[in-house]
Amino acid sequence: MYGLTLIFILAVIGGVIAYIGDKIGMKIGRKRLTLFGLRPKYTGVVITIFTGIFISLASIVILTVASDDVRTALFEMKEIQATLTANQQQLELSMAAMAQMESELDRLVLERDSAAADLEKAQTQLEQGRIQYEELELKRDELAANVDDLEKRILQLADDFMLLYMSAERIRTGNVAFRADEIIYAQVVESSPDIKQIYDQLESVLEQADQKAYALGARVEDDPPRAIVLDQEQVHFAAYFIMQEQGLYVVRVLSTRNTAVGEPVAVDLQIIRNDLLFEKGAVLEENTVDLSRASDIDLQILNLLEKANAVAVIRGMITSETGGAVKVDGNEFYSAMDRVKELAESEGRQGSVKIQAKALEDTFAVAGPVKLKLEIVPE
């Protein structure tokens, strides 16, 4: 409606101006007036031209006054065009940036999807690793149980070997209950300023020794039945000797001579200070093994342990009821066997190796048995 009104007003004003201009031109023509020295005919033409110019100017002025859009189009067109151009360029830049951002977004989405896939894969691997770890834990526990069983078997084998050895010696020497200087029983006794406490400990040692000797056939014709005979002066001397210094002692009950079954066994007391008997790495005994005899390496290692046991006993190590004074780990035993067999195979069962029984740690007299490691030394 606003545009139609404006057009109507322009048409009316233009008609009025044209009418006025025509009247002025006719009047000038009748009166034969001139302008700027022109002939009347040309003066009418000039007036007609100025009338048209005036109509145009009036139209522009009215449009300019009446419409902001017209004013803007007339006076700010170049600025608008420059702004439009700048905006167009900015739009194009924004579109390019948006396209780049969309491309970057697509790349990030792909990276995110790839990272999610990697995370899922890592979680799967982690779960598999956890399951494998649990399986390894179970296997480790099983192996540890097997190691414990092997250690028990080794210790039992060593004890059985010592018993067989002792039995063989008794069979060889006839109806003998104890050999001379044989350890009947050994126990740790602690020093005390109270002499009675020391006597009580010594009585316990003698009681245990008597029971063992009686079980092996020694007899004293007495009531109640006994097996050992000991000079009481030795008990007094031992008690006062132990009381002199603080600390621990190994007390051994030793047979003084070969004793047949059915006879009383005369014994002595041996008192051993708790000294350091074997430093870590000390060689107790060693055997040279012919690789051609590697098949019976288990017996040869047992023979080595018997010799090492004898050395430990001589040095004063506390002994068990079976006479054991050394101990070797089951894994160590089988590892040494396997190592010798491997060397035998690689050397074509030619040559020899040395097996050394070494102390695994510093060992004092009362801290037995001596823990051993078996070291294979090629010759």
Q | Which listed residue is crowded, with 18+ Cβ neighbours inside 10 Å, closer than 19 Å to residue 273 by Cα and not hydroxyl-bearing (Ser, Thr, Tyr), from 355, 318, 297 | A | 318
Q) Quick one: would you say residue 325 is crowded, with 16+ Cβ neighbours inside 10 Å, in contact with a Ser or Thr (Cβ under 6 Å, 6 or more places away or on another chain) and not basic (Lys, Arg)? A) yes
(Q) Looking at the stretch 284-309 only, could you name the residues that are assigned to a helix (DSSP H, G or I), in contact with a helix residue (DSSP H, G or I) (Cβ under 8 Å, 6 or more places away or on another chain), in contact (Cβ under 8 Å) with a residue 60 or more places away in the chain and aliphatic (A, V, I, L, M)? (A) 291, 301, 302, 305
Q: Looking only at the stretch 160-179, decide whether some residue is surrounded by 11 or more Cβ atoms within 10 Å (Cβ to Cβ) and modelled with pLDDT of 85 or more.
A: yes
Q.
Go through the stretch 297-327 and report how many residues are more than 19 Å from residue 361 (Cβ to Cβ), modelled with pLDDT of 85 or more and not hydrophobic (A, V, I, L, M, F, W, C).
A. 5
Q) Is it the case that residue 280 is more than 28 Å from residue 213 (Cβ to Cβ) and either of a type outside the set (Gly, Ala, Ser) or buried (at least 19 other Cβ atoms within 10 Å of the Cβ) (or both)? A) yes
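The values are calculated or read from the model by the stated rules, or taken from the named source; none is laboratory data. Owing to the predicted nature of the structure, the values given are computational and were not obtained by experimental measurement. So basically every Cβ, Gly included, is an ideal-geometry build from the backbone, and we count neighbours across all protein chains shown.
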